[in-house]
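The values are calculated or read from the model by the stated rules, or taken from the named source; none is laboratory data. Quick caveat: nothing in here was measured; it's all calculated off a predicted structure. A quick note on method: Cβ atoms are made from the backbone with ideal geometry, for glycine too, and the neighbour counts reach across all protein chains shown. What goes into the accessible areas is simple: the full protein's heavy atoms, side chains included, and nothing from ligands, DNA or RNA. Shrake-Rupley method; radii C 1.70, N 1.55, O 1.52, S 1.80 Å.
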Amino acid sequence: MQKREQGKSGGAAGGNAAPPPKRGRPFGSTAASVASASAADSVAPSTLLGPSLQIHNSFSVEQNNKRIVLALQSGLKSELTWALNTLTLLSFKEKDDMRKDACLAKIPGLLDALLQIIDDWRDIALPKELRKGQRTRTLGANSVVTGFGNEYEALGSIALLPQSGLGSGSAAEISGQKNTSKRRRSEWWLDEDGLFNLDDEGRAEKQQCAVAASNIIRNFSFMPENEIAMAQHRHCLETVFQCIEDHIVEDEELVTNAIETIVNLAPLLDLRIFSSPKPSYIKITEKRAVQAIMGMLGSQVKAWHCAAAEFLGRMIINPDNEPLLLPFVPQIYKRLVDILSLQAFDAQAAAIGALYNLVDVNMDCRAVDRILKVIKTPHPVPEVCRKAAMIIEHLASDPQNRTSLLAYENTFAEILFSDGRHSDTFARILFELTSKPNNKIAAARGIWGM
C-alpha cells in the first residue's frame with residue numbers, strides 16, 4: 001500500500017493549488033492529487049498495492065458486491081489485489097455518488113472479509129526473534145539422543161541411527177526407530193520454513209494486503225452511514241485494539257489506520273461491548289482496551305499520542321465509559337499536561353480537547369500555567385483558546401481550586417483587559433474567585449469585591 005503523503009497533495013496541479021484534503025483523508029482525495037497519483041502509478045512497480053487501476057464510470061457496486069467479497073475470501077493474490085484496489089479507490093471518492101454505494105450495509109460480509117485479511121497477517125506477523133525459543137535440556141546430555149523434544153531432528157539427518165552391530169537392538173527398538181523416521185518424513189511441512197509457509201517476499205505481500213485492508217476500514221469509518229455498524233461490530237473493535245496494543249512490533253501504517261479508525265468511532269463507542277454476549281474472536285477486555293490506548297498516549301510518535309488524546313476526549317463523553325476510565329484518570333491527566341508543553345500546535349489542540357471533556361470528571365490546577373500559555377501565545381486555532389479558557393472557568397467553579405487559582409489573579413486580569421475574545425470568560429472567572437460570599441480570603445484580595 002502506498003504511503004500517504006498529505007503534505008504533497010496538489011503538487012502536480014499547474015498554477016492553481018488544490019484545496020487541502022479533509023482531515024485524515026488519504027492521498028488522492030483531491031483532483032490534483034488524483035492526477036499526480038495516476039502519473040505515479042504509470043511508473044510504479046506492479047508489485048505495489050497502491051491505487052493501480054481505474055474504475056469505469058459504469059462500475060456498479062451492487063452488481064459486483066458478491067464478487068468483491070468472494071475475491072477477498074479467496075486468498076488468491078490476483079483476486080485480493082483487484083478487490084483491495086477497487087475498494088481503496090471507491091473509498092477515496094468524496095464527490096462521486098459511487099462512494100455512497102460502497103457502504104458496508106450494501107455489501108454484506110465485506111467488513112468480516114477485510115478483518116480476516118488483517119487476522120491472517122497477524123497470525124504470521126510476530127518476528128522470529130521475538131518467538132519463544134526451545135529450552136535446552138540437560139537430562140541425558142551425554143547421550144546422542146535422549147528421546148525428549150527435537151534433539152533427534154537437530155542431528156540434521158532423517159536416516160536411522162547408526163547401529164553398532166547387525167544383531168544389536170531389539171525388534172521393538174528397531175520398530176520405534178522406523179516410526180520416528182516415518183514421522184520425521186511425514187511431518188516435514190510443519191517446519192516454519194517448509195513448503196507451505198511463506199518466505200520473506202510472501203510475508204511482505206501479506207503485510208501489504210493487511211495494510212490495504214486496514215486503510216479501507218479506516219476510510220469507511222469516515223462515512224456516517226458506516227459508523228454505527230462499525231462501532232457495534234465486536235470483531236472490528238477487537239482487531240483494531242489488538243493492533244494498537246501491539247504498536248511496538250506491528251506495522252506503523254497498520255497501527256496508524258487502527259487508531260484513526262477508533263477516533264472516528266469514539267463518540268459511538270461503548271467499551272462494555274467487550275463483555276457483551278456478542279461472539280468474541282480475540283478476547284479483548286475493557287481494561288486491555290484502555291491500556292492499549294494508554295500505551296499510544298505515552299508514545300513518542302506525535303500522530304499516535306495526538307490521536308489517543310483525541311480518542312479519550314471523545315470517548316469519555318459517554319457516561320457508560322466513565323467508570324472504566326476513572327482508574328486511569330491520574331495517568332491520563334499527567335500525560336495530557338506533558339503534551340501541552342510540546343511546541344506542536346496540533347498536539348496542544350489534542351490535549352486541550354481531551355482536558356476540556358476530562359475536566360468534568362476529575363482535574364486539579366497543575367496545568368493552569370500551560371493552559372494560560374496556550375491562550376497567551378496564542379494558539380492559531382481560536383476554538384482551542386476558547387476551550388482552554390473554559391477549562392480554567394470550570395476549575396474556578398470548584399471551591400477547592402479557588403485558593404490555588406488566586407495566585408493567577410493578576411494574569412487573569414491582564415487577559416481580561418488585553419484580549420477581547422476572552423474578556424467575558426475571564427470576567428466570570430474573576431467573579432467566581434472574588435465575589436463568592438463564602439470566600440473571605442478572596443473578598444479581601446479581589447479586585448471586584450469589597
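Look at R288 and say whether it is under 17 Å from R314 (Cα atoms), in a helix (DSSP H, G or I) and open to solvent by 20 Å² or more (accessible area, probe 1.4 Å). So R288 fails the test. Selection of segment 340-360 for residues being part of a loop (DSSP other than H, G, I, E, B) and surrounded by 14 or more Cβ atoms within 10 Å (Cβ to Cβ) yields L342, V359. Can you name the number of the only condition in (1) in contact with a Lys or Arg (Cβ under 9 Å, 6 or more places away or on another chain); (2) crowded, with 21+ Cβ neighbours inside 10 Å; (3) without any contact (Cβ under 8 Å) to a residue 40 or more places away in the chain that V337 fails? Single failed check for V337: (2). Look at A396 and say whether it is out of contact with any strand residue (DSSP E or B) (no Cβ under 6 Å at 6 or more places or on another chain) and farther than 18 Å from S341 by Cα. Judged against the criteria, A396 is a match. Within segment 280-293, the residues that satisfy the criterion of being within 12 Å of the chain's Cα centre (by Cα) and farther than 18 Å from Q232 by Cβ are A292, I293. Would you confirm whether or not segment 374-382 contains a residue that is under 27 Å from the mean Cα position of the chain (by Cα) and hydrophobic (A, V, I, L, M, F, W, C)? There is at least one residue in segment 374-382 that is under 27 Å from the mean Cα position of the chain (by Cα) and hydrophobic (A, V, I, L, M, F, W, C). When each of I317, I282 is tested for being under 18 Å from A350 (Cα atoms) and open to solvent by 30 Å² or more (accessible area, probe 1.4 Å), the lone residue that passes is I317.
The helices (runs of 4 or more DSSP H) found entirely in segment 371-443 that carry 3 or more residues being at pLDDT below 85 are 399-405.
Against the definition (surrounded by fewer than 17 Cβ atoms within 10 Å (Cβ to Cβ), of a type in the set (A, V, I, L, M, F, W, C) and without any contact (Cβ under 8 Å) to a residue 40 or more places away in the chain), how does L326 come out, yes or no? Spelling it out, L326 is indeed surrounded by fewer than 17 Cβ atoms within 10 Å (Cβ to Cβ), of a type in the set (A, V, I, L, M, F, W, C) and without any contact (Cβ under 8 Å) to a residue 40 or more places away in the chain.
The residue of segment 260-285 that is nearest to F220 (Cα to Cα), among those that are among the hydroxyl-bearing types (S, T, Y) and part of a helix (DSSP H, G or I), is T261. Within the option set D123, D112, being outside any loop (DSSP other than H, G, I, E, B), modelled with pLDDT of 90 or more and surrounded by fewer than 21 Cβ atoms within 10 Å (Cβ to Cβ) holds for one residue only, D112. For segment 227-259, residues that are assigned to a loop (DSSP other than H, G, I, E, B) and open to solvent by 40 Å² or more (accessible area, probe 1.4 Å) total 5.
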